[in-house]
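This report refers to the structure that appears directly beneath it.
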Amino acid sequence: MRQYLTLALILALTPALALAQAEVPFGGLAHDNSQPVEVSADRLTLNTADGSATFAGNVVVGQGALRMAAEQISVFYGTDAATGDITRMEATGNVTLTNGDEAAEAQSAVYDVRDGTISMTGEVLLTQGGNALSGQKLSIDLSTGTAEMEGRVQTILRPSSSP
């Protein structure tokens, strides 16, 4: 009987998964984008012409509980780079984003610090505890703690093992 219920559940959810878009909670921890941003890397290149700094090699960025790691992260400042106001960060190459026990991996990511949004693209994998969800684009709103996965969304549903 349990097998029939599991099959019925999978069949009932299949149309929802086929829509290639799924909303998921993200960031069980409240995130404050006004916290200081800490960066460590092997190299730093400054560009005063466009007000940016490019960190490369084992880059790790932290802001509160939020962590982003990548091969390269470019940081863009507001109109006055001397004040240190970061407007956005662009990460490329094996990007990993963690917030508490949740993690997302992708090929690239853009973090709009002012809006508190992150867009991850390219073979995205989101893990939350024992669950995993994959797609081509993950949009995260840190202020609401929600995320949306797009582009051939796939997941594995595991029925409970209770008798």
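The values are calculated or read from the model by the stated rules, or taken from the named source; none is laboratory data. Given the structure is predicted, the values throughout are model-derived calculations rather than measurements. Cβ coordinates were reconstructed from backbone atoms using ideal geometry, including for glycine residues, and neighbour counts include every protein chain displayed.
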Open item on the list: What's the total number of residues in region 128-150 that are surrounded by fewer than 16 Cβ atoms within 10 Å (Cβ to Cβ), farther than 24 Å from GLN35 by Cβ and of a type in the set (S, T, N, Q)?
Closed with: 1
Open item on the list: Quick check on region 78-92: of everything there that is at pLDDT below 85 and of a type outside the set (Val, Ile, Thr), which residue is surrounded by the most Cβ atoms within 10 Å (Cβ to Cβ)?
Closed with: ALA81
Task: Flag for ALA132 being within 30 Å of GLY78 (Cβ to Cβ), part of a strand (DSSP E or B) and of a type outside the set (S, T, N, Q) - done: no
Open item on the list: Between VAL95, VAL61, VAL75, VAL39, which is surrounded by fewer than 19 Cβ atoms within 10 Å (Cβ to Cβ) and either in a strand (DSSP E or B) or hydroxyl-bearing (Ser, Thr, Tyr) (or both)?
Closed with: VAL39
Task: Selection count where residues are within 20 Å of ASN94 (Cβ to Cβ) and assigned to a strand (DSSP E or B), scope region 42-52 - done: 3
Open item on the list: Going through VAL61, VAL75, VAL110 one at a time, which residue ends up being of a type in the set (A, V, I, L, M, F, W, C), in contact with a strand residue (DSSP E or B) (Cβ under 9 Å, 6 or more places away or on another chain) and more than 26 Å from GLY151 (Cβ to Cβ)?
Closed with: VAL75
